[in-house]
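Everything below concerns the one structure shown next.
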Amino acid sequence: MTRQSIVDSPSNHRRYGEWVISARISIIVAAIIASIVAASGIMSLNLVTDYRAFFEKDNPELQAYNLLESTYEKSDNVLFMIVPDDRNATSQQALAAALWLTEHSWQIPFGSRVDSISNFPAMSSDRDGLVVRNLVTPEIIGDEAKRQEILDIALADPRLAGNLIARDGRVSAVNVTIKLPDDNNAESIASVADHARNLVVEAREKFPGIDFRLVGTVIINQTFTEASIATMGTVLPASLVVMALIIWFLTRGLASVVAIGAVVVLSVVATMGLAGWTGIPFSSATSATPIIVLTLAVANCLHVLVTVQERIGAGDSCADAVIRSIEVNLYPVFLASLTTAIGFLMINFSEVPLYRHLGTLVAIGTSVSFLLSVSFLPALISLLPIKAHHADQGRFSIAAISEMTIRHRTTLLWGSILVVVGLSAAVPQNELNDVVTNFFEEDVQLRKDTDFLDENLSGNTVIEYSISANGPGEIADPIFLQDVATFADWFRVQPETRHVLVLSDTFRQLNKSMHDDKPESYRIPENRNLASQFLLLYELSLPFGLDLNNRIDVAKSSTRMTVTARTLSTDELLELDARAKSWLEGNAPSFSEVHSSGPALMFAHIGDRNIRAMLVGTVIAFLCIAVILILAFRSLRIGLMSLVANFVPGLMAFGMWGMMVGEVGLALSVVLAMTIGIVVDDSVHFLCKYLHARRHLHRDPEDSVRYAFRTVGRALYSTTAILTAGFLILGFSDFLPTGQMGQLTAIVIALALICDFLLLPPLLLMIDRQPKGRNMVNSGQIESSKTVAHGSDTS
């Protein structure tokens with residue numbers, strides 16, 4: 001007795017198709033109205049620009065960083081680099097630029113502090129006590145001897161050298177601390193970035209022969225926003241143009257481009273509108289949503305449209321072709337959309353809220369595009385002059401490929417196994433790496449400037465340490481200060497370190513200044529009372545805005561040490577921090593607590609946790625899709641076998657990535673989960689046709705493979721071309737995580753088609769063998785009798 005399932009019984013689908021034709025005008029109008037209503041939510045779409053949005057509020061590293069900022073001072077900043085053409089940071093012109101930029105930087109919105117070589121508090125003593133003055137003043141910059149003295153002082157002071165002036169004296173910097181509002185809204189960040197950029201423009205005009213470069217966390221946040229907008233403003237239109245060209249090439253009809261284009265536009269605007277209605281923000285991660293939804297929508301539409309063209313080519317009227325296309329494709333398209341949505345929903349296992357938003361939005365978009373592709377699209381194309389398509393013949397036709405896979409099944413099967421094993425062996429070559437400043441392509445100005453900073457001044461990797469003494473006022477304890485100094489000195493000899501900013505250096509300089517600037521007095525004060533007096537005297541001498549609140553807490557019970565290192569990979573950064581904590585265990589007995597934090601560490605830790613979380617999400621997606629396919633196909637063997645063909649492309653792609661790139665980050669960790677649902681699309685359509693031939697037309701496995709290739713092969717390579725092109729275009733995004741996600745996804749999808757054409761048929765022929773003694777009915781007679789049951793079955 002033949003097993004029956006929804007795959008085998010399309011009568012309900014035919015009735016639905018007939019209803020679509022009869023109510024097509026109403027369906028078109030209703031779809032447009034519903035999409036407009038959904039799209040109105042775009043007005044409520046919020047823009048997220050702060051890098052902290054990558055972290056949950058209860059993220060331990062974010063909490064540690066928030067505690068550090070509340071204990072001392074916020075770390076958001078804008079850093080101006082002053083780069084003279086003659087590479088003399090203490091020339092008269094360069095010092096004049098530093099003075100001017102320092103003065104005007106106080107006008108930056110939300111600026112709370114400005115530090116540079118010009119306003120650096122240089123210490124000395126006289127008969128009246130401690131004297132604190134600006135290192136650079138307008139009256140002395142014309143004196144060559146004074147300029148040399150400024151350079152000597154700056155390069156000798158560890159608080160300046162490698163921090164606000166390069167150790168070779170070729171570049172200097174002005175650092176502006178920014179206290180953004182608590183919500184860190186996009187408008188505040190944009191106002192700071194705009195003002196800073198305007199200052200750079202003005203400075204370049206005022207000081208010819210000097211270049212000014214701009215970096216800092218605020219500029220990074222603003223560049224996140226600009227990368228998101230650029231993705232929408234350039235990559236999305238490019239996607240639309242490329243998709244239109246590919247659709248025209250595949251269908252050879254302008255009507256097809258118009259019909260699918262209408263579905264795409266409605267799907268994208270409705271999805272982004274629903275994001276606004278549901279409170280999902282627009283960010284650097286979710287900026288990829290329109291392109292992904294666009295691509296998936298086109299793939300759904302092509303299955304419907306290709307069948308319509310083939311049926312028109314076989315002699316059907318346009319209305320009959322639409323009905324039969326719905327008959328053939330409704331269930332496979334639903335199944336493919338369901339598995340795609342499940343794959344993207346599994347991204348909700350990610351530790352990164354922004355990628356959870358992306359997964360949810362694409363799942364919504366997939367659902368919207370499915371509804372439109374099986375209602376609005378067939379209703380619309382029934383009114384348009386759709387061109388017919390006739391089967392291709394030739395050496396590389398679908399029929400030729402099917403014959404090749406049948407004839408060389410054993411060679412293809414074992415060859416595929418060898419390729420899969422070989423590429424899978426390269427998967428461990430991928431290393432986890434999330435460097436925030438490397439989130440942008442090398443031609444992005446911020447990336448150029450951060451690379452310049454790393455090569456010429458200090459570094460891009462910053463680790464903050466909050467070091468607690470045993471109680472209020474205890475930071476003046478010489479034993480504690482000596483341990484702090486020893487910890488800083490340990491860091492300075494590490495090969496990764498570029499600079500250490502630490503309170504103990506200030507105490508050493510105070511002690512030296514209060515002892516007639518004798519070099520041998522550059523040490524920690526001998527007793528606590530003396531250290532406390534020096535600190536009080538120094539704080540009273542500091543000008544407004546340059547106090548020590550960014551280095552010590554109010555109770556004077558803890559101090560902040562800032563370590564700047566060269567650009568480090570995730571593993572290198574975690575290993576350095578681990579070495580530091582290991583050193584602390586036996587070398588700093590006066591420390592009651594030490595906490596490390598900072599954006600670099602935050603991204604390093606979340607990357608590791610995110611991969612573990614996404615492995616769980618991927619397994620669950622795999623199991624969910626397995627259950628769906630087994631139930632849909634009513635066959636444990638076929639369902640499990642299809643999963644092999646669906647899992648292998650991702651494994652192979654990560655192997656290829658390991659050989660070509662060798663690095664994975666936050667974005668790439670979600671690729672496997674989301675692509676499982678996408679690549680199932682092709683295998684679902686292929687297996688639906690194969691099982692229809694086996695169960696409904698009673699064909700043997702070889703003829704069923706031929707039938708599946710003939711009825712769905714063109715749609716498979718068409719949708720793969722669309723999907724691959726769409727994600728490759730996403731690969732041109734200036735935001736590198738999004739770009740790499742697009743590139744790797746395109747590789748997975750392309751490999752999936754190869755597996756569906758060259759691996760899946762041999763697997764089917766191996767496991768789905770004809771029962772012994774069963775005689776197959778003449779396939780031509782059966783096909784003739786089953787034409788009504790499966791509209792595109794005739795050849």
Could you name the aspartates and glutamates whose alpha carbon sits less than 15 Å from that of LYS146, not counting residues in the same chain fewer than 8 places away? none
Residues of type aspartates and glutamates that LYS206 reaches as a straight line, Cα spacing below 20 Å, ignoring anything fewer than 8 places off in the same chain: ASP85, ASP86, GLU103, GLU139, ASP194
Over 17 Å, how big is the tail of the calculated P(r) for the stretch 642-690, in percent of all Cα pairs? 39 percent
Using distinct alpha-carbon pairs, which all enter the 1/r mean, Kirkwood radius of the stretch 194-273 in Å: 16.3 Å
Probe 1.4 Å, all protein chains in place: accessible area of PHE647 in Å², nearest 10? 70 Å²
Principal axis extents for the stretch 420-460, Cα atoms only, whole Å, descending order, please. 45, 20, 14
List the lysines whose alpha-carbon lies under 17 Å from that of LYS179, not counting same-chain residues fewer than 8 positions away? LYS74
I'm checking a number: the convex hull volume of the Cα atoms of the stretch 46-194, normalised per residue, in Å³. What is it? 154 Å³
So how tilted is helix 254-278 from the main axis of the chain? Cα-based, degrees 0 to 90, rounded to 10. 50 degrees
Plugging the Cβ-Cβ distance of MET404 and GLU585 into 1/(1 + (r/R0)^6) at R0 = 51 Å yields, to the nearest 0.05, a FRET efficiency of 0.20
What fraction of the Cα pairs in the stretch 383-541, stated in percent, has a spacing above 18 angstrom? 77 percent
Give the residue from GLY713, SER70, THR450 lying farthest towards the positive end of the charge dipole for the chain; charges sit on Cβ (+1 for Lys and Arg, -1 for Asp and Glu) and the dipole is referred to the Cα centre. GLY713
Can you tell me the relative contact order of the chain? Whole percent, Cα pairs under 8 Å, sequence separation 6 or more. 20 percent
Enter the accessible area of TRP248 (Å², nearest 10), with the probe set to 1.4 Å and all protein chains included. 120 Å²
Distance in nm between pseudo-label sites at ARG492 and THR278 (7 Å out along the Cβ direction from Cα): 5.5 nm
What is the gain in length, in nm to one decimal, between LYS57 and LYS518 on full extension, counting 0.36 nm per residue of separation less the C-alpha to C-alpha distance? 161.0 nm
What does the helix-only formula give at 222 nm for the chain: each DSSP H stretch with n ≥ 4 adding -39500 (n - 2.57), the total divided by the residues, and the result rounded to the nearest 500 deg cm²/dmol? -20000 deg cm²/dmol
The stretch 488-563: relative contact order in percent, alpha carbon pairs under 8 Å with at least 6 residues between: 34 percent
Each residue of the stretch 630-643 in order: what ³J(HN,Hα) in whole Hz does its phi give by Karplus 6.51 cos²θ - 1.76 cosθ + 1.60, θ = phi - 60°, with x for Gly and Pro? 4, 5, 5, 8, 6, 8, 5, 5, 5, x, 5, 5, 5, 5
Checked against a 30 Å limit on the C-alpha separation, the offending pairs among LYS448/LYS556; LYS518/LYS581; LYS512/LYS556 are LYS448/LYS556; LYS518/LYS581
Computed from the beta carbon distance with a Förster radius of 30 Å, FRET efficiency for LEU45 and MET659 to the nearest 0.05 stands at 0.15
How long, wide and thick is the chain, going by the Cα atoms along their three principal axes, in whole angstroms, largest first? 115, 51, 43
Two-decimal log10 I(q)/I(0) for the stretch 205-328, as the Debye equation yields it once each C-alpha is a single scatterer, q = 0.10, 0.14, 0.21 Å⁻¹: -0.48, -0.74, -1.15
Averaging sequence separations of C-alpha pairs under 8 Å and six or more residues apart, then dividing by the length of the stretch 534-667, give the relative contact order as a whole percent. 15 percent
With every protein chain kept in place and ligands, DNA and RNA left out, what is the accessible area per residue of the chain? Probe 1.4 Å, answer in Å². 38 Å²
Note: VAL131 to LEU640 extended length (0.36 nm per residue) minus current alpha-carbon separation gives 175.3 nm
Which three extents, in whole angstrom, do the alpha-carbon atoms of the stretch 581-740 cover along their principal axes, largest first? 83, 35, 22
Net length gained if the chain between MET766 and GLU202 were fully extended (0.36 nm per residue, minus Cα distance): 195.7 nm
Using only the alpha-carbon atoms, how far is helix 445-456 inclined from the longest principal axis of the chain? Give it as 0 to 90 degrees, nearest 10. 40 degrees
Taking θ as phi - 60°, what are the ³J(HN,Hα) couplings along the stretch 497-509 by the Karplus curve (6.51, -1.76, 1.60), each to the nearest whole Hz, with x for Gly and Pro? 6, 10, 7, 10, 9, 8, 5, 4, 5, 5, 5, 4, 5
Compute the distance in nm between two label points, each set 7 Å from the Cα along the Cα-to-Cβ direction, one at ASP451 and one at SER532. 5.3 nm
Calculate one ³J(HN,Hα) per residue across the stretch 92-104 by plugging θ = phi - 60° into the Karplus curve 6.51 cos²θ - 1.76 cosθ + 1.60, and present them in order as whole Hz with x for glycine and proline. 4, 5, 5, 5, 4, 5, 5, 4, 4, 5, 4, 5, 7
Do any trypsin sites (Lys or Arg not before Pro) in the stretch 640-707 lie in a loop, going by DSSP, with at most 16 other beta-carbon atoms within 10 Å of their beta carbon, and if so which? none
In degrees between 0 and 90, to the nearest 10, how far off the longest principal axis of the chain does helix 478-492 point, with axes built from Cα atoms? 50 degrees
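The values are calculated or read from the model by the stated rules, or taken from the named source; none is laboratory data. In this text the structure is predicted, and so the values were computed from the model without any measurement. Positions of Cβ are generated from backbone atoms using ideal geometry, with glycine treated the same way; all protein chains shown enter the neighbour counts. Please note that ligands, DNA and RNA were not included when accessible areas were found on the heavy atoms of the full protein model with its side chains. Shrake-Rupley method; radii C 1.70, N 1.55, O 1.52, S 1.80 Å.
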